[in-house]
Amino acid sequence: MADHGIEILLVEDNPDDIELTLLALRTHNLANHVEVARDGAEALDFVFGVGAFSGRQLRDGPKLILLDLKLPKVDGLEVLRRLKADPRTRMLPVVVLTSSQEERDIVDSYQIGVNSYIVKPVDFSQFVDAMCQVGLYWLLVNQAPAI
């Protein structure tokens, strides 16, 4: 992977949640390079370097995907399914960040291969703390294999 600093793909369709997540990441200096995909199709295009992102190399990241489940065009579980089915992206860390507390969503996410499942805290300070912990762990503490 090319080193462009910290690279996160945030897959979220709610503008308020996008702004809140970016603010939480910036608060802890974890937002050096964040891309936002507003639906599942755009996320897949970004990761695989097709469509509007043709020419973008797979090796250029992202290092972490924060994935909402309830997305237009292609839902989050299908995005996760496609990422984990492809040998080029199978080991990419994916953290589901969603408001869904439905047991079926949690079970399906883990069966498909999600690395972590986080229900978005409603309280702002708890949300900022959760984003800090996620960012610090997956981007700084976790030892990822060289892909």
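The values are calculated or read from the model by the stated rules, or taken from the named source; none is laboratory data. Just so it is clear, the structure is predicted and the values come from calculations on it, not from any experiment. Positions of Cβ are backbone-derived with ideal geometry, glycine not excepted, and every protein chain shown enters the neighbour counts.
The set of residues in segment 8-54 being closer than 21 Å to Arg81 by Cβ, under 13 Å from the mean Cα position of the chain (by Cα) and without any contact (Cβ under 8 Å) to a residue 24 or more places away in the chain is empty. Report yes if Leu44 is under 28 Å from Phe124 (Cα atoms) and surrounded by 17 or more Cβ atoms within 10 Å (Cβ to Cβ), otherwise no. No: the conditions fail for Leu44. Looking across segment 99-129, the residues that are buried (at least 17 other Cβ atoms within 10 Å of the Cβ), at pLDDT 90 or above and within 27 Å of Asn29 (Cα to Cα) come down to Val114, Asn115, Tyr117. Would a scan of segment 34-43 turn up a residue that is among the acidic types (Asp, Glu), in a helix (DSSP H, G or I), touching a Gly at 6+ places or on another chain (Cβ under 6 Å) and within 17 Å of Asp75 (Cβ to Cβ)? No - not one qualifying residue is present in segment 34-43. Only residues that are part of a loop (DSSP other than H, G, I, E, B), under 17 Å from Pro62 (Cβ atoms) and in contact with a Phe, Trp or Tyr (Cβ under 8 Å, 6 or more places away or on another chain) were counted across segment 89-121, and they come to 3.
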